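First the structure, in the form of structure tokens, and then the observations on it.
Since every read-out is calculated from the coordinates, none of them should be taken as a lab result. Because the structure is predicted, anything quoted here is derived from the model rather than measured. No Cβ is skipped: glycine too gets one built from the backbone with ideal geometry, and neighbour counts run over all protein chains shown.
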Amino acid sequence: MSKKRALFVCIHNSGRSQMGEAFLRHLAGDRFEVHSAGLEAGRLNPLVVRAMEEIGISMEGHHAKTVQEYLDRGERFDYVITVCDETNAERCPMFPGGGKRIHWSFPDPSALTGSDEEKLAGIRPIRDAIEAKIREWLANSES
């Protein structure tokens, strides 16, 4: 059985889409080839990396990538999952040639303010919501 291909997409590929990629790979890497990308390449948020490490998921090897890189290679996906929040949904990129498009709205970790510890405290519920949504999707989809 060949793996389904999934692409998580957001604005900068620095947090939410990266967490989505890491969770789906962790939970169902035997069934999915998983990627993530952004409209613009940002920088992987080190606090997101820390939040994922807290629950035992390494993001080693992850880096910010652009949707354009995948378009230039002519890559196709069975699922394109956008994870922008509602205020940025209109900017959240479309991916031509993708299969089923799914949109899940999550707050942007890069919009959090305060100390690193305060930001990390704000990232944890976003991380947990992304994990819960992926678990729910896996349980209820034909994927």
Hey, fewest Cβ within 10 Å first, where do 110, 36 land in order?
110, 36
For region 1-67 and region 115-142, what is the separation of their Cα centres, given in Å?
12 Å
Counting only helical runs of four or more DSSP H residues, what would the 222 nm mean residue ellipticity of the chain come to if each run contributes -39,500 (n - 2.57) and the total is spread over all its residues?
-12000 deg cm²/dmol
With label points set 7 Å from each Cα along the Cα-to-Cβ direction at residue 69 and residue 43, the distance between them in nm comes to 1.7 nm
Give the order of 65, 100 when sorted by the count of other beta carbons within 10 angstrom, beginning with the fewest.
100, 65
Per residue, what volume in Å³ does the Cα convex hull of the chain take up?
105 Å³
What is the fewest-to-most order of 101, 73 by other Cβ atoms lying within 10 Å of their Cβ?
73, 101
